[in-house]
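A short worksheet on the structure shown next.
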Amino acid sequence: MALVWYLDRALALVSYPALYLAVLTGILYNAEAFGPLRDAARRIHVEVSAFAMMLVVAHGVVGIADVWSVVDGAAPVPDYGLPYLLAGSAVGVGALVVLVVAVLGFLDPRRFARPWSPRVVHAFAYAGFGFATLHAAAVGTDLAGFAVPGLVALVGFLAYVLALRALSHASARVTARES
């Protein structure tokens, strides 16, 4: 069962940075004011996002096996206890579901024509990433003193880039109205 734990941990350690890069390139994808960064994001966003989703799904499958081995008694219960492990894992499952819906909003836009637009559904990726971050902070690390501040900094940077994009879009709209 140790092999399952190592595989689950390895998939998590690779999938979170890939998911982070997918979100960052998604923010920059339509950000005209970011010029070369937008062009770079357009070149890699879809591929990075597909890679991240494959890793996240693999982590989910292996993670279920890992948690089941703990529930079944084949693996030891983590120091933080079984209820906390199950709650943190449920947040991870929620992240996966929201991310899958976000991807479907991109892949099958006609399905999401009403009541929301496919663009709004695809924006669920931000919520899915938020749940994934909570999952990582809750049960994904035994280095909480180091990892949690790092996660906060990473998410803060994404929020900063998202705010800059929003400000540049608002500024472009005002400029277009004035001309």
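Every read-out reported here was derived from the displayed coordinates using simple, explicitly stated rules and does not represent laboratory data. Everything numeric here is computed off the predicted structure, so don't read it as measured data. Cβ coordinates were reconstructed from backbone atoms using ideal geometry, including for glycine residues, and neighbour counts include every protein chain displayed.
In the chain, which longest range has no chymotrypsin sites (Phe, Trp or Tyr not before Pro) that are both DSSP loop (not H, G, I, E or B) and surrounded by at most 14 other Cβ atoms within 10 Å?
On the way: sites that count: 80, 116.
After excluding every exposed loop site, the longest remaining stretch is 1-79.
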Choice from 74, 52, 18 with maximal GNM fluctuation in the chain (Cα, 10 Å cutoff): 74
So which trypsin sites (Lys or Arg not before Pro) in region 78-179 pass both tests, a DSSP loop state and at most 13 other Cβ atoms within 10 Å of the Cβ? none
So for region 1-97, what percent of the C-alpha to C-alpha distances run longer than 24 Å? 35
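So, with +1 on the Cβ of K and R and -1 on the Cβ of D and E, and no other charges, what is the size of the charge dipole of region 36-109 about its Cα centre, to the nearest 20 debye?
Charge dipole, region 36-109, about its Cα centre: 320 debye, nearest 20.
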Check every DSSP H run in the chain and write down those whose alpha carbon atoms cover 30 angstrom or more along the long axis and whose mean Kyte-Doolittle hydropathy is 0.5 or greater. 2-28, 36-72, 82-107, 144-178
D for region 13-66, whole µm²/s, Stokes-Einstein with Kirkwood Rh over alpha-carbon pairs at 10 °C and 1.306 mPa s: what number? 136
By the gyration tensor of its Cα atoms, with a ≥ b ≥ c the square roots of the eigenvalues, what is the shape of region 116-172: rounded for a/c under 1.5, prolate for a/b over b/c, or oblate? oblate
Please identify, among 66, 39, 108, the residue showing maximal mean-square fluctuation in a Gaussian network model of the chain using a 10 angstrom Cα cutoff. 108
Using +1 at the C-beta of Lys and Arg and -1 at the C-beta of Asp and Glu, which of 84, 71, 40 has the Cα lying farthest in the positive direction of the dipole of the chain? 40
In whole Å, what are the Cα extents of the chain along the three principal axes, biggest one first? 69, 38, 26
Could you work out how far the C-alpha centroid of region 145-170 sits from that of region 42-110, in angstrom? 22
Can you give the charge dipole size of region 24-179 about its Cα centre, rounded to the nearest 20 debye, using +1 on the beta carbon of Lys and Arg and -1 on the beta carbon of Asp and Glu? 860
Have a look at 89, 15, 168 and tell me which one the Gaussian network model of the chain (Cα, springs below 10 Å) gives the largest fluctuation. 168
